[in-house]
Each structure stands twice: as C-alpha cells, then as structure tokens.
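The values are calculated or read from the model by the stated rules, or taken from the named source; none is laboratory data. Note that this is a predicted model, so its numbers are computed, not measured. Neighbour counts are summed over all protein chains in view; Cβ atoms, including those assigned to glycine, are modelled from backbone coordinates with ideal geometry.
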Amino acid sequence: MELPTNHSVLLETIGQLWTINRKRYVEWEILIAKHTFDAFIEGSIMKEYSAVIAVTANIFSAISGEARMICAYEIVRQRFGQEYSLYSRMRAPWNEMDGDDMRREGYFYSALAEFFFQNPDQAFLVGRYNIRQIALAWKVGMKITVDLVKEPAPLEAGEGLVLQYL
C-alpha cells in the first residue's frame, strides 16, 4: 500500500487486514520512496503513533518523559519492521531524513531504548544534560550499559556519534 497521510488511516487499514475472524494470513507492505518527501510523511505518522504508544503501552512507569518517547518509537520500530528508530527524524530537514547521519542516530536511539527497557530504574540517568556525551562514547553495534551511561568516555575522534538532530 502507499503511505497514507496520517496515522489514523494507516491504523484503520492495518486493523482491517488483521480482523479477528480472518481465515488467511495477510501480509502487507508499505511503499516509501527514500530520499523523497515520503520520509517527512512517514516521520509525521510515526510521531503521532509513538505519542499514542507512549501513553497507552505497558511501559514501566520509571521510564518517563523523553525516555518514554524513545521507548515508544522503539516499539513502533519493532512493530513496523523498521531498520532503526525514527525518534530524531522530525528534527531534521526533510531532504536529510534518509541520510547516513539520521540512520546512525536511529541506531543510537534504538540502543538507548533497549537500555531503558532492560534498566527501567536507571532511565533517570539519561537526559539532555548528558545524552551528547553518551552518544560520543557509543558507535553502531555497541550495547548501551549502565557503566557507559554513568561515565561516558568518548571514543577516538570520528568513532563516536555526534548527535546532529537533538
């Protein structure tokens, strides 16, 4: 299917495909053209859907504020089979939403959400005051740990992630 203009239409369409009495398995694909305005539409839909998930999902109560939104985006990522979190996408110009920098940031936010899910009582350790330092101590493929969050040691120049869309 082509990407609809808002999350309500998307959820209604998916809901119709997954009705309770469905006799046959239904598989669906959403077509999104990369490096086009579709990235903005997809980001807008995921932002709306993640806001709903943040309020309604069974996310541990110790995870709050921005950490909760990061987790909601990760739930959406997993549900829709996306490669990486789209958490920071709406902060970028639309023509940069599919770039390599955005992809790396998406992997970072997916790893950060996994940290929150695995350590909900430690979610308070991450905030705008230290997220840049944590990113500089992280690279794609690394797991974020309590030690990395408490004492982020920057990697060698060019290895750590520089957040551009915070």
Please go through segment 96-117 and pick out each residue that is of a type in the set (Asp, Glu) and either more than 12 Å from Val140 (Cβ to Cβ) or at pLDDT below 95 (or both). Glu96, Asp98, Asp100, Asp101, Glu114
Determine whether segment 68-90 contains at least one residue that is crowded, with 21+ Cβ neighbours inside 10 Å, closer than 14 Å to Val140 by Cα, among the acidic types (Asp, Glu) and touching a helix residue (DSSP H, G or I) at 6+ places or on another chain (Cβ under 9 Å). no
Taking into account only those residues within segment 68-93 that are in contact (Cβ under 8 Å) with a residue 60 or more places away in the chain and of a type in the set (Gly, Ala, Ser), which is farthest from Ala123 (Cα to Cα)? Ala92
Every residue from segment 100-137 that is of a type in the set (Gly, Ala, Ser) and crowded, with 16+ Cβ neighbours inside 10 Å: Gly106, Ser110, Ala111, Ala113, Ala123, Ala135, Ala137
Determine whether segment 29-42 contains at least one residue that is touching a helix residue (DSSP H, G or I) at 6+ places or on another chain (Cβ under 9 Å), of a type in the set (A, V, I, L, M) and crowded, with 19+ Cβ neighbours inside 10 Å. yes
When Ala157 is evaluated against the numbered criteria (1) over 17 Å from the mean Cα position of the chain (by Cα); (2) touching a residue at least 60 places away in the same chain (Cβ under 8 Å), which criterion, by number, is the only one it fails? (2)
Looking only at segment 103-134, count every residue that is among the small types (Gly, Ala, Ser) and under 13 Å from the mean Cα position of the chain (by Cα) and tell me the total. 4
Among the numbered criteria (1) surrounded by fewer than 13 Cβ atoms within 10 Å (Cβ to Cβ); (2) over 27 Å from Ala137 (Cα atoms), which single criterion is violated by Pro93? (2)
I'm trying to understand the selection: among the residues of segment 51-63, which are of a type in the set (Gly, Ala, Ser) and surrounded by 14 or more Cβ atoms within 10 Å (Cβ to Cβ)? Ala51, Ala54, Ala62
So if I check each of Pro154, Pro93, which one is within 22 Å of Ser44 (Cβ to Cβ) and modelled with pLDDT under 95? Pro93
